[in-house]
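Down below is the structure, laid out as structure tokens.
Computed from the coordinates by the stated procedures, all read-outs in this text should not be read as laboratory data. No experiment lies behind these values; they were computed from the predicted model shown. Neighbour counts run over all protein chains shown; Cβ positions are idealised from the backbone, glycine included.
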Amino acid sequence: MARSVQRKSAKRGGEPSRAPARTAATSAAFCAAARDALKRGEPDAISDKTLQQVLSAAVKVYAAKVERRGHDVVPFPQATVTATETVVTACGMIRAADLNMFDVAIWFHRPPGID
């Protein structure tokens, strides 16, 4: 019983969780694999399924942070992604969500904090 109480208190903030460290290690491993694949000119070394899982999760977390904190959440550091990479990815996501440019324009001009 003492162990279950300790687990519950750790989840509530009693002890620091190890989840952030595992998340950081996992994301660092994916980023290293992606960098290596791109450096070798072999982007297909990252499976489509893995890319979809990572991108879906990242998009969901990013959107949740923007909804919670406003548009002050920077999606990536400046000069780490090119304009072409940004537009290619944005277009892919727009198509995947079955949006059109009118839909995007409405969201693009939406004031921060409006749902």
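Couplings 3J(HN,Hα) of segment 83-93, computed from phi: 4, 4, 4, 5, 5, 4, 5, 4, 5, x, 5 Hz, in residue order, whole Hz [Karplus 6.51 cos²θ - 1.76 cosθ + 1.60, θ = phi - 60°; x for Gly and Pro].
Stretching the chain fully between residue 33 and residue 103 yields a gain of 21.7 nm (0.36 nm per residue, less the alpha carbon separation). A full extension of the chain between residue 78 and residue 42 corresponds to an added length of 10.5 nm, given 0.36 nm per residue minus the alpha carbon distance. To the nearest 0.05, how large is the calculated FRET efficiency for residue 51 and residue 24 if R₀ is 25 Å and r is the Cβ-Cβ distance? The value I calculate is 0.80.
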